[in-house]
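Okay, so here's the structure we're looking at.
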Amino acid sequence: MSDFGAVLESAVELLRGLPRRRAHVDAARRTAAEWTAENPGTDAQLVVDLRPGTPVVDYDLLLAHPDGGTVALTAPADEGVPWLIEHSTHWAAGQLVSVDQVHLSVAQALTMLRSLSRTTMSPHDEIVEQCLLLNEVMADDEPLAVEDLQAAADEFRRGRGLHDRAATVAWLEQVGMSLPQFEEYVGGIARRRRFRRRKEAELAPACLATRRAEFARVRALWVTGPAPLAAAAPADLIASLTAAAGEVQAIVGDRWEYELPEPLRGAEPGSVVGPVRHEKGFLTGSVIERRPAEDDPATLAAAGQAAFNAWLAERRERASIEWHWS
């Protein structure tokens, strides 16, 4: 075998042995650099393909030929399809949106919406939010605990009304998802849940310290309707409902301060607020009791959720978002 033939054989072994997880790309580059130092005449350059929407990566190795020119070497270790061929069509073909390093296909988006849709968000916003979380867990290769996987699977099934194994199997057949695909999908949900749980715990103390007034626990009464409803005292609110015009809604409940209708936030207990314009009608209400925020688990959990939502909104502002409509 010629000297260059031996180099090629060694390069193939190098490529086949490189770690193929996105989290280990830096280690792969160092290994390739060490190989190049041992084979100085090759001027080898490692090319990394960050595959869309997956933590798996592929590699090429560019080598200088002794007689001039460059040799591109590909050695896929699994399905045997070089990535240059696999991605020979336009890279965004079949993709719906790219959010930073995540490229979401139409099929992935449909599955995401089926399992995660919330009435408080538009489909566009929810897809982007989930892509942002996918970016955060892309390099996560920490093993998942059995309880995390079970909790994610239970959440998924409850959201779809799948209360037993037969219903789950029927749903998988209906949407064309195999059991291994389902397990992989649930694993992704579990990783995103774990990331969110840890991020909320990380952000909660500072959020509570700087926004403590927002996490007071408040018991309040408020009435909303299409016409103004006047009341001189809190007790008058209930009495005046029978004479209210149109369809009205009365709510008595405990809320975090920031969850109250905006006109009631900061109101003195026992006072009457309104009637004031609120959403599509009018609001009249009263704070019955306000308890200062404490550093207990429930309050810290609420602060963590609020802080995470603020973090996610800021993360979205910094994200590169491209929709592939054509």
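The values are calculated or read from the model by the stated rules, or taken from the named source; none is laboratory data. Values in this document were obtained by computation on a predicted structure and should not be read as measured data. Note: ideal-geometry Cβ built from the backbone for every residue, glycine included; neighbour counts use all protein chains shown. Ligands, DNA and RNA are stripped out before the accessible areas are found, and what is left, the full protein with its side chains, is counted by its heavy atoms. Shrake-Rupley method; radii C 1.70, N 1.55, O 1.52, S 1.80 Å.
Can you tell me which residue among 216, 231 is under 18 Å from residue 288 (Cβ atoms), within 39 Å of the chain's Cα centre (by Cα) and hydrophobic (A, V, I, L, M, F, W, C)? Don't jump to the end; show me each part of the working.
Working: 231 fails: within 39 Å of the chain's Cα centre (by Cα).
Unique residue meeting the criteria: 216.
Considering only segment 257-267, state which residues are open to solvent by 30 Å² or more (accessible area, probe 1.4 Å) and closer than 16 Å to residue 217 by Cβ. Matches in segment 257-267: 258, 259, 265, 266. Applying the set (1) in contact (Cβ under 8 Å) with a residue 12 or more places away in the chain; (2) farther than 24 Å from residue 55 by Cβ; (3) crowded, with 16+ Cβ neighbours inside 10 Å to residue 186 leaves exactly one unmet item: (2).
Which residue, of 210, 224, is within 22 Å of residue 259 (Cα to Cα), open to solvent by 50 Å² or more (accessible area, probe 1.4 Å) and among the β-branched types (Val, Ile, Thr)? Before the answer, list the steps.
Values: 224 fails: open to solvent by 50 Å² or more (accessible area, probe 1.4 Å).
Matching residue, one of 210, 224: 210.
Is one or more of the residues making up segment 221-229 under 30 Å from residue 143 (Cα atoms) and out of contact with any Pro (no Cβ under 8 Å at 6 or more places or on another chain)?
Checking segment 221-229: not a single residue is under 30 Å from residue 143 (Cα atoms) and out of contact with any Pro (no Cβ under 8 Å at 6 or more places or on another chain).
So that you can scan it fast, the table gives a plain yes or no per residue for (1) part of a strand (DSSP E or B); (2) assigned by the TED database to the domain that holds residue 140; (3) at positive phi; (4) without any contact (Cβ under 8 Å) to a residue 40 or more places away in the chain:
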site: 194; (1), (2), (3), (4): no, yes, no, no
site: 197; (1), (2), (3), (4): no, yes, no, yes
site: 232; (1), (2), (3), (4): no, no, no, no
site: 247; (1), (2), (3), (4): no, no, no, yes
site: 252; (1), (2), (3), (4): yes, no, no, yes
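For segment 136-182, the tally of residues that are in contact with a Gly (Cβ under 8 Å, 6 or more places away or on another chain) and part of a loop (DSSP other than H, G, I, E, B) stands at 1.
Scanning segment 286-326 for residues that are among the basic types (Lys, Arg), in contact with a strand residue (DSSP E or B) (Cβ under 9 Å, 6 or more places away or on another chain) and surrounded by 12 or more Cβ atoms within 10 Å (Cβ to Cβ) returns 290, 316. For segment 131-181, a residue qualifies if it is surrounded by 12 or more Cβ atoms within 10 Å (Cβ to Cβ), within 29 Å of residue 25 (Cβ to Cβ) and not hydrophobic (A, V, I, L, M, F, W, C), and the qualifying residues are 135, 136, 140, 141, 148, 181. Being out of contact with any Cys (no Cβ under 6 Å at 6 or more places or on another chain), within 30 Å of residue 309 (Cβ to Cβ) and assigned to a helix (DSSP H, G or I): is that true of residue 220 here? No; evaluated as a whole, the condition is false for this residue.
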